[in-house]
Amino acid sequence: MYGMSITMQNGNTWLSPNFTPANLINKGTMGSSRGSIYRTTIPSNKSCFFFIKSQNKANMMFTHEQDGGVNILRLLQVNGNPGAITVYAFSDMVLPHSGYGIAFYNEAGQMTYHGEMKPLDAELVPINIDFDFARDMGYPCAVMPAIVGAKSRRRTDYDRPVYVFMTGATGNQIYNGQWYSSNITWDLTKRYTPGALVINTTKYD
């Protein structure tokens, strides 16, 4: 490697001319009704990482799709009143540079990063597969919407509806939104992911 690099406390490279980190590309609000779409400027062939927060706690289910050559986020289901939904979209892209400040270029002379970009800095947070799960992060946060698990709720010995959990965030808190999936006659707790990625939104607002 040539030129400058920036390392983290553990010694791992955080920024260098050799790669483009995931940066904040788009930020905005989307509608809170079922079927609402947030459209990015991130091309479909680029990586895209969405984070969301809502004004109020609500059960929401999102899908990450491609449409018209770009990445979009669709509010597939909603139960409750989330209020304003803010979306943060990250990708390994570089937006136009003002011409001032620090910039990294690779061997081909292509700009891979500049100081006006805001790299993704996310924390992987364990999520309990539980109906009442909520965690105060201690800072204003947004979470990557992800289906993290499923759990049955015992009503009778032979009636145990299963709910799927999808992450949500409001204020300083992350939580499980829940959606009915099916009915079974046995107890079930199933984890799909080890946790959810969370960002401190004060770094991007």
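The values are calculated or read from the model by the stated rules, or taken from the named source; none is laboratory data. What you are looking at is a predicted structure, and each value in this text was computed from that prediction instead of being measured. Here Cβ is always computed from backbone atoms with ideal geometry, including for glycine, and neighbour counts include all displayed protein chains. These area figures cover heavy atoms from the full protein model, side chains too; ligands, DNA and RNA do not enter into them. Shrake-Rupley method; radii C 1.70, N 1.55, O 1.52, S 1.80 Å.
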*Candidate set from segment 124-138 (those that are of a type in the set (D, E, K, R) and at pLDDT 95 or above); member that is farthest from ASP187 (Cα to Cα)*: ASP136
_Any residue at all in segment 41-51 that's modelled with pLDDT under 80 and either surrounded by fewer than 13 Cβ atoms within 10 Å (Cβ to Cβ) or more than 18 Å from PHE90 (Cα to Cα) (or both)?_
no
*asked:* Considering only residues that are among the polar types (S, T, N, Q), open to solvent by less than 40 Å² (accessible area, probe 1.4 Å) and part of a strand (DSSP E or B), which ones fall in segment 159-205?
replied: THR167, THR170, ASN176, ASN200
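Among the residues of segment 102-117, is there at least one that is touching a Gly at 6+ places or on another chain (Cβ under 6 Å), open to solvent by 50 Å² or more (accessible area, probe 1.4 Å), of a type in the set (A, V, I, L, M, F, W, C) and assigned to a loop (DSSP other than H, G, I, E, B)?
So the first thing to find is which residues in segment 102-117 are touching a Gly at 6+ places or on another chain (Cβ under 6 Å), and the list is 102, 115.
Restricting the remaining residues to those that are open to solvent by 50 Å² or more (accessible area, probe 1.4 Å) gives 102.
Now restrict to residues that are of a type in the set (A, V, I, L, M, F, W, C): 102.
Subsequent filtering for residues that are assigned to a loop (DSSP other than H, G, I, E, B) retains 102.
Yes: one or more hits.
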*Scan segment 95-118 and give yes if some residue there is touching a residue at least 60 places away in the same chain (Cβ under 8 Å) and small (Gly, Ala, Ser), otherwise no.*
no
*Taking only pairs six or more apart or across chains, which ones have beta-carbon atoms under 6 Å, a first residue in segment 183-205 that is within 10 Å of PRO140 (Cα to Cα) and in contact (Cβ under 8 Å) with a residue 60 or more places away in the chain, and a second residue that is assigned to a loop (DSSP other than H, G, I, E, B) and not aliphatic (A, V, I, L, M)?*
ASN200/TYR139; THR201/PRO140; THR202/PRO140
*Could you list, in sequence order, the residues of segment 119-148 that are assigned to a strand (DSSP E or B), β-branched (Val, Ile, Thr) and open to solvent by less than 50 Å² (accessible area, probe 1.4 Å)?*
VAL125, VAL143, VAL148
_Residues that are farther than 27 Å from ASN81 by Cβ, open to solvent by 70 Å² or more (accessible area, probe 1.4 Å) and modelled with pLDDT of 95 or more: does segment 149-158 have at least one?_
no
